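Undergrad: Sharing a structure with you now.
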Amino acid sequence: MVETFGYISVQPDWAVDVKKALSGAEGPHTFWASAYKQGTELTHKPTKTTAQSITAEYIDTRHLQLSTTNSNSSHPESQNILAPRLYTAPHRSVECSQIKRKTGLRSFDISPYGGLLVGCGDEGAMGVYEIEGRVHRVQLEGHLGDITACRFFPSGQVVLSGATDMRIKIWSASDGSNPVTLVGHTAAITDLAIIGRGRQVLSAAADGTLRLWHCGESSVVHVFELSRMRINSIDLVARFEAQDVLEIDGKLVVAACEDGRVVVVDLMAREYGDVGGVPVRAVAYDVANSRLYTGMADGSVNVWAAADAGEPVYAFRRNASPVSAIRLVYGVDAGEPRICVGTEDGQLFVAAVIDNNGAVGVEIVEELVAFDVDPITQIRTAPSSVKNSTRQSIWASGRTNKAYEF
């Protein structure tokens, strides 16, 4: 059974109006908010709740607390329908000026030390930007199609990219040169991962294969034929610290497939198994707590116990809009990570997993507000740049040419 949560949608730039009001600028300064609760018949357009009022509590210029109450006085059991929840505006954003605004960012990444952002989009557009100064550093030109994935190597000075031209390229983030191109896929690249320090990399594609590449030799090491349909995304995790030179020992790859399967691949053993369901669009694997999270085309997020892949231990959704991205988010303490979920109707939220003696549930603890109805195209995490933050920074992009940090 899938648990359905109600939610409040708020004007994406609400923080702008709040700041104007606080500065004493001439008004009026207002923003809209709407409460929704999914009905029993799932549709892509949620049904607005009735007989409810929304309460907003100002916290600071980037944070509100919103809740709903039953405003029908004829019902003495009137109570909070949606409990108070934190709504967070972006801390800052980086505009990728070389990307067309109308098509937006398809993918982006933050360098390991947080100083650079690489963003890519349609028609071969990709560039590296300095986050602090928000300036364009170098253009990476060479792909012949839309660029669908990009990643920084651990050095932060080298970029990996993949595109609809079926090619994977390695670039210098300093001068834009492209010393290595990897060729072998027969359909568009959909996702990439870098193993360890970057001697080997992984690529997933619409041809249903996962390929392991040796960068120094510009050659494919192994082809995993996982599906007859596209692989939508992958997540690379380490069960333990690798001792081999190529750093693949202990590495697992989880692949989200359009055919409804989630495939777990052991890179060293070259073995894999799978679980089934509706089309899987996004995936994240919490290896430390043996939990697998899958974002589905029907809008649900499934929580799997890795030791028992028969069926999810818990599932939830807010509406039927497909999940487009999932990322684990770690706090400053050593506790269990939370999950950040993005959907195709622009929702971006953080959920905490609650384990009550084996009974798993989820509490949505934070809403990240910057997108209207733009699909969330990518979620990344990085060390927080916000003073006294209790979690990693969350970066996200939609169908604009900006990436936002929360």
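The values are calculated or read from the model by the stated rules, or taken from the named source; none is laboratory data. All figures in this text were calculated on a predicted structure; none of them were measured in a lab. Neighbour counts are summed over all protein chains in view; Cβ atoms, including those assigned to glycine, are modelled from backbone coordinates with ideal geometry. Remember, those area values only see protein heavy atoms, side chains included, never the ligands or the DNA or RNA. Shrake-Rupley method; radii C 1.70, N 1.55, O 1.52, S 1.80 Å.
Undergrad: Those residues that are in a strand (DSSP E or B), out of contact with any strand residue (DSSP E or B) (no Cβ under 6 Å at 6 or more places or on another chain) and either aliphatic (A, V, I, L, M) or free of Cβ contacts under 8 Å to residues at least 12 places away in the same chain (or both), I need them from segment 156-182; list them, please.
TA: The one that is in a strand (DSSP E or B), out of contact with any strand residue (DSSP E or B) (no Cβ under 6 Å at 6 or more places or on another chain) and either aliphatic (A, V, I, L, M) or free of Cβ contacts under 8 Å to residues at least 12 places away in the same chain (or both): Val158.
Undergrad: Right, here's the next one. If a residue has to be out of contact with any Pro (no Cβ under 9 Å at 6 or more places or on another chain) and part of a strand (DSSP E or B) to count, how many in segment 118-155 make the cut? First the steps, then the outcome.
TA: Filtering segment 118-155 down to residues out of contact with any Pro (no Cβ under 9 Å at 6 or more places or on another chain) leaves 118-151.
Checking which are part of a strand (DSSP E or B) leaves us with 118-120, 126-130, 135-139, 147-151.
The number of residues fulfilling the criteria is 18.
Undergrad: If you take the residues in segment 45-70 that are part of a loop (DSSP other than H, G, I, E, B), open to solvent by less than 70 Å² (accessible area, probe 1.4 Å) and at pLDDT below 90, which one is nearest to Ser397 (Cα to Cα)?
TA: Top of the filtered list is Pro46.
Undergrad: Within segment 213-307, considering only strands (runs of 3 or more DSSP E) that don't extend past its boundaries, which have at least 1 residues that are within 24 Å of Phe349 (Cα to Cα)?
TA: Hits in segment 213-307: 231-238, 251-257, 262-266, 280-286, 291-296, 301-305.
Undergrad: Looking at segment 239-265, which of the residues that are open to solvent by 20 Å² or more (accessible area, probe 1.4 Å) and under 14 Å from Ala306 (Cα atoms) is modelled with the highest pLDDT?
TA: Val264
Undergrad: Being among the β-branched types (Val, Ile, Thr) and either part of a loop (DSSP other than H, G, I, E, B) or touching a residue at least 24 places away in the same chain (Cβ under 8 Å) (or both) is the filter; apply it to segment 183-203 and report the residue that is most open to solvent (accessible area, probe 1.4 Å). First the steps, then the outcome.
TA: Start the filter on segment 183-203 by keeping residues that are among the β-branched types (Val, Ile, Thr), which leaves 183, 186, 189-190, 194-195, 201.
Pick out the ones that are also either part of a loop (DSSP other than H, G, I, E, B) or touching a residue at least 24 places away in the same chain (Cβ under 8 Å) (or both) and you get 186, 189-190, 194-195, 201.
Numbers: Thr186: 104, Ile189: 1, Thr190: 18, Ile194: 31, Ile195: 1, Val201: 1 Å².
Per the stated criteria, the residue is Thr186.
Undergrad: Here is a further query. Can you name the number of the only condition in (1) open to solvent by 40 Å² or more (accessible area, probe 1.4 Å); (2) touching a residue at least 24 places away in the same chain (Cβ under 8 Å) that Cys340 fails?
TA: Only one criterion in (1) open to solvent by 40 Å² or more (accessible area, probe 1.4 Å); (2) touching a residue at least 24 places away in the same chain (Cβ under 8 Å) is unmet by Cys340, namely (1).
Undergrad: Ala35 versus (1) in a loop (DSSP other than H, G, I, E, B); (2) at pLDDT 85 or above; (3) hydrophobic (A, V, I, L, M, F, W, C): which is the lone unmet condition?
TA: The failed condition is (1).
Undergrad: Cβ contacts < 8 Å: first residue closer than 16 Å to Val159 by Cα, restricted to segment 128-145; second residue of a type in the set (Asp, Glu), any location; separation 6+ or different chain. Result?
TA: Once the first residue is closer than 16 Å to Val159 by Cα and sits in segment 128-145, its partners that are of a type in the set (Asp, Glu) give Arg137/Glu130; Val138/Asp175; His143/Asp165.
Undergrad: Still on this structure, please answer the following. Would you mind listing the strands (runs of 3 or more DSSP E) fully within segment 310-406 where at least 1 residues are aliphatic (A, V, I, L, M), under 21 Å from Thr61 (Cα atoms) and within 16 Å of the chain's Cα centre (by Cα)? Walk me through it before giving the result.
TA: Numbers: elements: 314-317, 323-329, 338-343, 348-356, 359-368, 378-382, 393-397, 402-405.
By residue number, 348-356, 359-368, 393-397, 402-405.
Undergrad: Something else about it: Looking only at segment 129-147, which residues are farther than 22 Å from Pro112 by Cβ and touching an Asp or Glu at 6+ places or on another chain (Cβ under 8 Å)?
TA: His143, Leu144, Gly145, Asp146
Undergrad: Give the residue, chosen from Gln378, Gln392, that is open to solvent by 10 Å² or more (accessible area, probe 1.4 Å), under 24 Å from Lys100 (Cβ atoms) and not hydrophobic (A, V, I, L, M, F, W, C).
TA: Answer to the selection: Gln378.
Undergrad: Looking at segment 227-238, which of its residues are closer than 28 Å to Asn178 by Cβ and open to solvent by less than 60 Å² (accessible area, probe 1.4 Å)?
TA: Result: Ile231, Asn232, Ser233, Ile234, Asp235, Leu236.
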